[in-house]
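The values are calculated or read from the model by the stated rules, or taken from the named source; none is laboratory data. All values derive from a computational prediction rather than experimental measurement. Glycine also receives a Cβ, built like all others from the backbone with ideal geometry; neighbour counts cover every protein chain displayed.
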């Protein structure tokens, strides 16, 4: 698989890309693109909004792992807000330097589950969070919520697979997740924005919002707001990942 040059967030050097997107189902309940745009403008969202595709509409975040909306919201926060607003199925995906994949999903305003391929990635050396994939057990619920229950077993296998970090990127895992769930596959090429996306929308087909404002004023507003947002990152998407034992058990001393 070939990935594009450029990045939505920041290139992580040899580690790979950081990018994120929120995908909302717009055919059940029926929603228009204007409905979603209005909601994202209210949320002061910064990023790109595509066109409906096979019943789904994708919004790519301007900062893959940063705050992109009011209330210190990143990918998971925006996804949760949209799910509560519309009661639709919403999927948030995030790749961090191609070493960590997040999948979070909501349906009927309720959270279906969250998956994190390596909860320990990016934490300090003294943190005892285990690297084991978190949330693999939600695979069947993910597949059912996206109307692809027949792919539950394959999805569970994919989410639970331990990748070789020297040869396989998390973008490749995400590509499989998108295929099995029937979501827009071009999201793995989202780092191409604001240019044309290979196998995806052309630049003229997406709407760019900066702090909820389109056009040139939005670009300027987004840059201004981002100065503050960079200092206020979103909360961790997962806070209850399993931890290992550190140090000696005090009861043995």
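In table form, for the structure just shown:
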quantity: Unique match (being farther than 15 Å from residue 171 by Cβ and in contact with a strand residue (DSSP E or B) (Cβ under 7 Å, 6 or more places away or on another chain)) among 104, 69; calculated: 104
quantity: Residue in segment 142-159 that is more than 30 Å from residue 30 (Cβ to Cβ) and in contact with a strand residue (DSSP E or B) (Cβ under 7 Å, 6 or more places away or on another chain) present; calculated: yes
quantity: Within segment 107-126, considering residues that are within 17 Å of the chain's Cα centre (by Cα) and over 12 Å from residue 138 (Cβ atoms), the one modelled with the highest pLDDT; calculated: 117
quantity: Sole residue being assigned to a loop (DSSP other than H, G, I, E, B) and closer than 20 Å to residue 33 by Cβ, chosen from 88, 59, 92, 83; calculated: 88
quantity: Segment 18-48, residues that are buried (at least 23 other Cβ atoms within 10 Å of the Cβ), over 12 Å from residue 183 (Cα atoms) and in contact with a helix residue (DSSP H, G or I) (Cβ under 7 Å, 6 or more places away or on another chain); calculated: 19, 20, 45, 46
quantity: Odd one out for residue 218, checked against (1) over 15 Å from the mean Cα position of the chain (by Cα); (2) buried (at least 16 other Cβ atoms within 10 Å of the Cβ); (3) in a helix (DSSP H, G or I); (4) modelled with pLDDT of 95 or more; calculated: (4)
